[in-house]
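Peer 1: Below is a structure I'd like to ask you about.
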Amino acid sequence: MSCSICEKRKEKRFCPAVHGRICPQCCGESREVTLDCPSDCIYLQQARAHEKPRKADELDPKLLFLKVEIPEQFVYQHEHLIVGLSFALYKSARLHRDIVDHDLVVALTSMAQAYGTLVNSGLHYESQITSVTQQAVIQEVQTMVKEYREAEQKHTGQTSLRDADVLRALVFLARMAQARTSGRPRSRAYLDFLFTQFPEKDSVIAGAGDTPSRIIVP
């Protein structure tokens, strides 16, 4: 039997993305590029286990916001904020199954740019994003920031969360997403990582003080 993709080489493994058998070469070349690989595919899992982290020169410096400094202490002081934003990303992926890592990177980058403009000039930056899925991610994150501030107001009588803090948290997650994704068009490596962090029916904002530390780092 020949490979379902190239129809030339001999098939040697079953591909759940095409519901047929393919050759190892097509598997390697098409994985998360033209194939929408399910996360439980054993060959995808094996590839991720042996995949080397992307080099710094493979990443776009503009997407890393290198001018934004994130002290180590910031991560621990704003643990609940970072976890809350991560949960918003996870929630958007639960609601929109077609979301991939690229959508999260674009959404985080857009929001970081908007908050950077707000912090540095006081101006509100209007996103030019037209993708429905990426807009959905941004909306979910914006809702989470709003709820976070409301929760602060309810428990302490005031809101201490600054726009500069939100900016740093967004940049932190943008860098993490860049570090964890494979960079392939249909990669869900970062998304799968988020799914391991949040069991279903998990509450993040309400009762955050009752849960153990769950800071997620690249």
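Peer 1: Modelled label-to-label distance, L161 and C6, 7 Å Cα→beta-carbon offset: nm?
Peer 2: A separation of 5.1 nm, rounded to one decimal place.
Peer 1: Just add up the charged neighbours of C23: K/R +1, D/E -1, any other residue whose Cβ is under 14 Å from the Cβ of C23.
Peer 2: Result for the neighbourhood of C23: +4.
Peer 1: A 30 angstrom limit on the alpha carbon distance is what I want to check against. Which of K67/K154; K52/K146; K91/K154; K62/K146; K10/K55 exceed it?
Peer 2: K67/K154; K52/K146; K10/K55, as the Cα separations exceed 30 Å there.
Peer 1: For the chain, which whole percent of the accessible surface, found with a 1.4 angstrom probe, sits on carbon and sulfur atoms?
Peer 2: Carbon plus sulfur share of accessible area: 51 percent.
Peer 1: What translational diffusion coefficient, in µm²/s and rounded to a whole number, does the Stokes-Einstein relation yield for region 12-63 at 25 °C and a viscosity of 0.890 mPa s, taking the hydrodynamic radius as the Kirkwood radius over Cα pairs?
Peer 2: Using the Kirkwood radius from Cα pairs, D works out to 198 µm²/s.
Peer 1: Which of the listed residues, Q77, T133, A47, is farthest toward the dipole's positive end in the chain, when Lys, Arg count +1 and Asp, Glu count -1 at the beta-carbon?
Peer 2: Going by the Cα projections, it comes out as A47.
Peer 1: How large is the dipole of the chain about the Cα centre if only Lys and Arg carry +1 and Asp and Glu carry -1, each at its Cβ, rounded to the nearest 20 debye?
Peer 2: 780 debye
Peer 1: If you don't mind, another one. On average, how much accessible surface per residue is there in region 111-168, in Å², for a 1.4 Å probe, leaving out ligands, DNA and RNA?
Peer 2: Accessible area per residue: 62 Å².
Peer 1: If we count every other residue with Cβ under 12 angstrom of I138's Cβ, Lys/Arg +1 and Asp/Glu -1, where does the sum land?
Peer 2: -3
Peer 1: Which whole-number percent of Cα pairs in the chain have a distance greater than 24 Å?
Peer 2: Tail fraction, whole percent: 48.
Peer 1: So with the 1.4 Å probe, I'd like the accessible area per residue for region 1-110, rounded to whole Å².
Peer 2: Solvent-accessible surface per residue comes out at 61 Å².
Peer 1: Moving to a separate point now. Quick one: Cα centre-to-centre distance for region 24-71 and region 111-125, in angstrom?
Peer 2: 29 Å
Peer 1: Along Cα→Cβ, 7 Å out, is where each label goes; now give me the distance between the ones at T34 and Y76 in nm to one decimal.
Peer 2: 5.0 nm
Peer 1: What FRET efficiency comes out for the pair Q128/K67, r = Cβ-Cβ distance, R0 = 25 Å, nearest 0.05?
Peer 2: Taking R0 as 25 Å, the efficiency between Q128 and K67 is 0.70.
Peer 1: A follow-up question, please. On a straight-distance basis, which aspartates and glutamates could pair with K8 in a cross-link, Cα separation under 19 angstrom, same-chain partners fewer than 8 positions away excluded?
Peer 2: E29
The values are calculated or read from the model by the stated rules, or taken from the named source; none is laboratory data. Everything quoted here is computed from the prediction, not taken from an experiment. Neighbour counts are summed over all protein chains in view; Cβ atoms, including those assigned to glycine, are modelled from backbone coordinates with ideal geometry. Each accessible area value is taken on the protein alone, full model and side chains, heavy atoms only, with ligands, DNA and RNA left out. Shrake-Rupley method; radii C 1.70, N 1.55, O 1.52, S 1.80 Å.
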